[in-house]
Amino acid sequence: MHNAAFASLGLDWCYLALPVEPGRLGEALRGLLALGFAGANVTVPHKREVMAHLDLVGEAARAIGAVNTVIVREGQLWGENTDWLGFLAALREAGFEPAGRRGLVLGAGGAARAVVYALASVGAEVTVCNRSAERAEEMVRGLAGSVPGAALRVGAMESLGEAAQVADLLVNATPLGMWPETGVSPWPAALPLPSHLAVCDLVYNPLQTALLAQAQAVGAGAVDGLGMLVQQGAAAFEMWTGRRPPVEVMRRAALGQLTRRPAARLRG
Ligand code: NAP
């Protein structure tokens, strides 16, 4: 999607995938400076460790505990997180305004941290349910300390139904439903899914997940993972180039890749 965006704006730039071994992250980052890169995206397993090698880390990235975007600025390496921006933009483009609403987030990994930070930063109340409650507790404690006035709590998996009744938005931030286990949903089949909810699944491989099928079956709103994927990229694009990202070009390119390639070849 970045290469399609560069081409559409006539920029003679190129986006490459460069695998880096964990022990060589520092070297790889210094290499960006020497090679004249404008920036980079960082993905698993480097999103946290990368922070130790940067000259500056943005406030949101520090709070979330992960950098997914590096910008080369005046000979220095700056780290930002655009996942949270992408999540908010995706909700809004789908017609859901999260400010002041109630969110129920499933998961407490990297993506969940970005989602909970995003919701807290616009004043939404958030309940987090995760397989391991301790991990959810740790995440909520950490984020509550970083976002002034954040209303965050941990919910028990056993009371998912009650939490959903009082929520406006349900977000799947677990990999449940991702290829190859596409029949799996994080929402228990025996539990009625409230139809008033907007349901957002971060999984984008496939885009139509078992959870979104459950949502559609009861007439709830359904937001797939493509919007966040594209919008986090669009935010990074703007940071690197200073240009307004051609979001529709990026969306078409990403969708083309997601639907053209065999699912097995896509990374989570
Ligand atoms: P992660 O850091 O590995 O976290 C995974 C979370 O899911 C953990 O809280 C884990 O619970 C829970 N989980 C994993 N397997 C489970 C299972 N079998 N049953 C119940 N809970 C389970 O992963 P992540 O990086 O946050 O990514 C999560 C998903 O979001 C992935 O599918 C990824 O592709 C997607 N994502 C999408 C976008 C986008 O732009 N659309 C961006 C980022 C991520 P425990 O804590 O108990 O282990």
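Some points to look at:
- At least 18 Å along the helix axis (C-alpha) and Kyte average at least 0.5, DSSP helices within the chain: 226-241
- At the listed q of 0.20, 0.28 Å⁻¹, the Debye profile of the stretch 132-171, built from one uniform point per Cα, gives log10 I(q)/I(0) equal to -0.70, -1.02.
- For a modelled paramagnetic label at R92, 7 Å from Cα along Cα-to-Cβ, no residue of the stretch 44-81 is in reach, as no backbone nitrogen comes under 11 Å.
- Evaluated over the stretch 158-268, the Cα radius of gyration and Dmax, each in Å: 15.6, 49
- Here is the P(r) of the chain: all C-alpha pair distances, binned every 10 Å from 0, give 7, 29, 36, 22, 6, 0 in whole percents.
- Counted over the stretch 22-125, the DSSP beta bridges are approximately 75% antiparallel.
- Global form of the stretch 13-87, assessed from the alpha-carbon gyration tensor, a/c cut-off 1.5: rounded
- Shape call, the stretch 152-194: gyration tensor on alpha carbons, a/c limit 1.5: prolate
- Peptides 229-239, 134-144 ordered by average Cβ neighbours within 10 Å, highest first: 229-239, 134-144
- Residue-averaged 222 nm ellipticity for the chain, from DSSP H runs of 4+ at -39500 (n - 2.57), nearest 500: -12000 deg cm²/dmol
- Scattering curve values for the stretch 68-219, log₁₀ I(q)/I(0), Debye with Cα scatterers, q = 0.15, 0.21 Å⁻¹: -0.76, -1.44
Rule-based calculations on the coordinates, nothing more; no lab input. Everything quoted here is computed from the prediction, not taken from an experiment. Ideal geometry is used to build each Cβ from the backbone, glycine not excepted, and the neighbour counts take in all protein chains shown.
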